[in-house]
Amino acid sequence: MSGATGLDTDPPTTTPTGPPAPATGQDAPPPPTTRRVLWLVLSREVSTRLRSKAFKIMTPLFVVALVLGIGAASLFAGGTSTSTVGFLPADATAAAALDAAADGAGVDLRTVTVPDPADARAQVQDGDLDAAVVATGADGLQVVVREELDDVTGALLTAVARGQALDAQITALGGDPAQVQAAMGAAGVHVEALDPADPRHGARIALGVITGILLYISLLIFGPTVAQGVVEEKSSRVVELLLATVKPWQLMAGKVLGIGLVGLSQLVLYAAVAVPMALGTGVLDLPTSVALGSVTWSLLWFLLGFALYALLFAATGALVSRQEDVAGVTTPIIMMIIIPYVVGVSVLPSDPDSGLLDVLSVVPLSAPLIMPMLIAAGTAPGWQIALAVALAAATIAALVRLTGRIYAGAVKRTGSRIRLTDALRNR
Amino acid sequence: MCSRPSPGTGRAGIRTRRVWSSDTEGGEVPGAALTINELSKRYGDIVALRDMTFDVRAGELFGFVGSNGAGKTTTMRIVLGVLAADAGEVRYDGVPLTFDVRRRIGYMPEERGLYPKMRVGEQLEYLAQLHGLSAAAARTATRQWAARLGIETRLGDEVQALSLGNQQRAQLAAALVHDPAVLVLDEPFSGLDPLAVDVMSDVLRERAAAGVPVVFSSHQLDLVERLCDRVGIVSAGSMVAIGPVDELRAGGASTLVVDAPDAPAGWADTLPSVLSTGRDVRGRTELRLAAGADDQQVLRAALATGPVREFAHRRPSLAQLFREVVTHEPPTPADPPPPATRRGRARWKKEGRP
């Protein structure tokens, strides 16, 4: 059946359908650069974390919680009611005097005109008015309230009544009440504060505490994620495949950077939602520049803190091979996050200038939680911030070497928990 | 292509301990050999490997067999650099393995290793890119290997959602996706259905034909016998027999089956070179001959008793050889197996490897 020359028989080579075969490594692709390896590992971490159910559920929930929280706070703040006082058309001068007195005292008070005493009583009864002045005379003002007159409005109305009595006397004596009022208005107490309190003190302390809480939550979520990720690779043995082509430090660095990036993005999102809303609704009564400065510092401190703790989490995670053992080795690091946080949020509101906080704000392992609180509260001088940043950065540099050695010495060894000294010795 | 083993090495005529002189492969296959040279590894008092030595030539399918805990996995892990050897070295193309050479090995670890919660396709692309492929090349290679291994419809699924057999196919794809220059596969066939075994066998043969040295471990000895160019039998951390399956079988003490119905009992007991005799269920005489014995002498003796209906050599199967070699490892003067080591190995097996 075959043709003329029966000799040149190439056997019918059954080439199986599949990838083009011959590659013996001679034409192997060049090894990827360090930057590309880091980028690949980092990208995988980011996409894995972004896709995780915990992240997909928690992030929107947190945004909703922030919006609802700020909304509730603004409602509550608005609810410290403006009191409204009604005056008959005839008592316009008294109404103007009350407005002026309220302004001078910095009290939020509004005056309205009511047509007649009966209507005024009805409005007070309905709660539309807090008080109504239904008659003025030589013996002062006759005021209608439902239950009682609040102290501030009472004091202001008293001042108005006395002013009117005074005006009457001055007129009777032939003087000019307006001149006297002007002279009285100019006289007052002039205070020289030796150590003036920040009028926004409360708002700044609140910002400090909220900053602390957010950093604490983020560090406690994303720090242990690093340890779990390391153990996932060990327990699934995928680390054996990876380390045939990736150096241990590259794998560790890519993981820390990737998870840190996800944590940072989440915080940026929270800040982008919460800060404009809090400033806009007046919940946070601070200049925008102060708020933005504080947020920027907080994000920087998240990065410093995450680097510190994540390196420790990665190294300790490498010591064990099963997820159930992770908690056992990472507890000390979790305590390093919890303790400064608890000290910070409990001491800061009552004693923002505490010496204890000043010390903790520069100690590298507590600084990432304490220092941003102090910065937000406005109680840390510049040199203290600079010192804390420098110490944290130096500690990170030292930890990169130390934890890198531990990780490399431990990550390939599966089985029972590896002792720290063995991990350091064995490379 | 290979020289026969010289008779008399070892009790059963099987080569023992690095007596194999690797004669050059007669082929045109490109590529280079993987050489495992005198690897030793201890875990505390326990000897895991003792002078483990063999080579896997370019284009060769090498079967690595041995009892549980004999040292196969330890050897492979040392080749991959997952473990460090106490002594000895691994060479590729005559040069000790460096990190850049190791990244060209395709590896399938015994306990498997993929991210359980990552999608198969993304995972294969990721591994390919870590080995230096561009994103596009990685995608192409992933699709091709998935199609070849029959998991192309599962690329979008998480690894943990796959059946064990498909996970194994994915694992093989992970070992192949970067077009490795060497393949090291630990138990690639365990748990596969017959169809998957065929696919896996074809792929391994094809890679070997492309010049890649392929070494795999297995307990399925019939499969090893069918598939491999050469086989190495490991016991207690050392290579105790190595060579082409046929040669190993030929070198083993052969059994002669003689059907001589009129022969009296014990007719062959006194013949020279006969180690032992027995009868099978059908009344045929089975004789174990020493290596190099003259079977014609036996035939003449059988004919002397009357008619001879059957006279045949029965070669030992690889499984029989394995049992023989592993259970009667001959002591050699140079390297006596210390009893303590044997006990140590038994203990080691129970505790499991780290």
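Say whether the condition of being among the polar types (S, T, N, Q) and at pLDDT 85 or above is met by at least one residue in the range B:236-248. Looking through the range B:236-248, at least one residue is among the polar types (S, T, N, Q) and at pLDDT 85 or above. Which of the residues spanning the range A:264-284 are surrounded by fewer than 17 Cβ atoms within 10 Å (Cβ to Cβ) and not in a helix (DSSP H, G or I)? Passing the criteria: A:Thr281, A:Gly282. Just one of the numbered conditions (1) within 11 Å of chain A (Cβ to nearest Cβ); (2) closer than 30 Å to A:Leu42 by Cα is not true of B:Val199: (2).
Scanning the range A:105-147 for residues that are small (Gly, Ala, Ser) and assigned to a loop (DSSP other than H, G, I, E, B) returns A:Gly106, A:Gly127, A:Ala138.
Being in a helix (DSSP H, G or I) and at pLDDT below 90 narrows it down to one residue among A:Val345, A:Val359, A:Val400; which is it?
Numbers: A:Val359 fails: at pLDDT below 90; A:Val400 fails: at pLDDT below 90.
Exactly one residue qualifies, and that residue is A:Val345.
Go through A:Pro22, A:Pro12, A:Pro30 for me and flag whichever is surrounded by 16 or more Cβ atoms within 10 Å (Cβ to Cβ), part of a loop (DSSP other than H, G, I, E, B) and either at pLDDT 90 or above or not small (Gly, Ala, Ser) (or both). Walk me through how you get there before you give the answer.
Values: A:Pro12 fails: surrounded by 16 or more Cβ atoms within 10 Å (Cβ to Cβ); A:Pro30 fails: surrounded by 16 or more Cβ atoms within 10 Å (Cβ to Cβ).
Result of the check over A:Pro22, A:Pro12, A:Pro30: A:Pro22.
Looking only at the range B:140-192, residues that are surrounded by 20 or more Cβ atoms within 10 Å (Cβ to Cβ) and of a type in the set (D, E, K, R) come to 6 in all.
Against the numbered list (1) surrounded by fewer than 20 Cβ atoms within 10 Å (Cβ to Cβ); (2) touching a Pro at 6+ places or on another chain (Cβ under 7 Å); (3) modelled with pLDDT under 90, A:Leu420 comes up short only at (2).
In this structure, A:Leu356 does satisfy being more than 18 Å from A:Arg204 (Cα to Cα), of a type outside the set (Gly, Ala, Ser) and free of Cβ contacts under 8 Å to residues at least 24 places away in the same chain.
Of all the residues in the range B:120-139, those that are crowded, with 21+ Cβ neighbours inside 10 Å and either within 28 Å of the chain's Cα centre (by Cα) or more than 22 Å from A:Val239 (Cα to Cα) (or both) number 4. Among the residues making up the range B:102-132, those that are facing chain A (nearest Cβ under 8 Å), in a loop (DSSP other than H, G, I, E, B) and within 22 Å of B:Pro188 (Cβ to Cβ) are B:Arg103, B:Arg104, B:Pro109, B:Glu111, B:Arg112, B:Gly113, B:Leu114, B:Tyr115, B:Pro116, B:Met118, B:His131.
The single condition from (1) within 14 Å of another protein chain (Cβ to nearest Cβ); (2) not in a loop (DSSP other than H, G, I, E, B) that A:Ser289 fails is (1).
Within the range B:88-101, one or more residues are within 12 Å of another protein chain (Cβ to nearest Cβ) and touching an Asp or Glu at 6+ places or on another chain (Cβ under 9 Å).
If I filter the range B:75-87 down to residues being within 21 Å of A:Leu242 (Cα to Cα) and away from chain A (no Cβ under 11 Å), which single residue comes out as surrounded by the fewest Cβ atoms within 10 Å (Cβ to Cβ)? Only one residue tops the list, namely B:Ala85. Out of B:Val298, B:Val258, one residue alone is surrounded by 15 or more Cβ atoms within 10 Å (Cβ to Cβ) and either modelled with pLDDT under 80 or in contact with a Phe, Trp or Tyr (Cβ under 6 Å, 6 or more places away or on another chain) (or both). It is B:Val258.
In the range A:80-103, the residues that are among the β-branched types (Val, Ile, Thr) reach residues that are modelled with pLDDT under 85 and part of a loop (DSSP other than H, G, I, E, B) with C-beta atoms within less than 7 angstrom, at least six apart or across chains, in these pairs: A:Thr82/A:Asp108. Taking every residue in the range B:54-80 that is closer than 14 Å to B:Met108 by Cβ and pairing it with any residue that is assigned to a helix (DSSP H, G or I) and basic (Lys, Arg), at least 6 positions away or on another chain, the pairs with Cβ-Cβ distances below 7 Å are B:Phe64/B:Lys72; B:Leu80/B:Arg102. If you check B:Val274 against the conditions, is it under 17 Å from B:Asp55 (Cα atoms) and more than 14 Å from chain A (Cβ to nearest Cβ)? The answer is no for B:Val274. On the basis of being over 19 Å from B:Val326 (Cα atoms) and touching a residue at least 24 places away in the same chain (Cβ under 8 Å), does B:Arg50 make the cut? Considered against the rule, which asks whether it is over 19 Å from B:Val326 (Cα atoms) and touching a residue at least 24 places away in the same chain (Cβ under 8 Å), B:Arg50 comes out as no.
When A:Gly137, A:Gly127 are checked against the criterion of being free of Cβ contacts under 8 Å to residues at least 60 places away in the same chain and closer than 17 Å to A:Ala96 by Cα, A:Gly137 stands alone in meeting it. Counting just the residues of the range B:210-247 that are within 14 Å of chain A (Cβ to nearest Cβ) and over 26 Å from B:Gly191 (Cβ atoms), which one comes out surrounded by the fewest Cβ atoms within 10 Å (Cβ to Cβ)? So the residue we want is B:Ala210.
The values are calculated or read from the model by the stated rules, or taken from the named source; none is laboratory data. Bear in mind the structure is a predicted one, so any value in this text is a computation, not a measurement. So basically every Cβ, Gly included, is an ideal-geometry build from the backbone, and we count neighbours across all protein chains shown.
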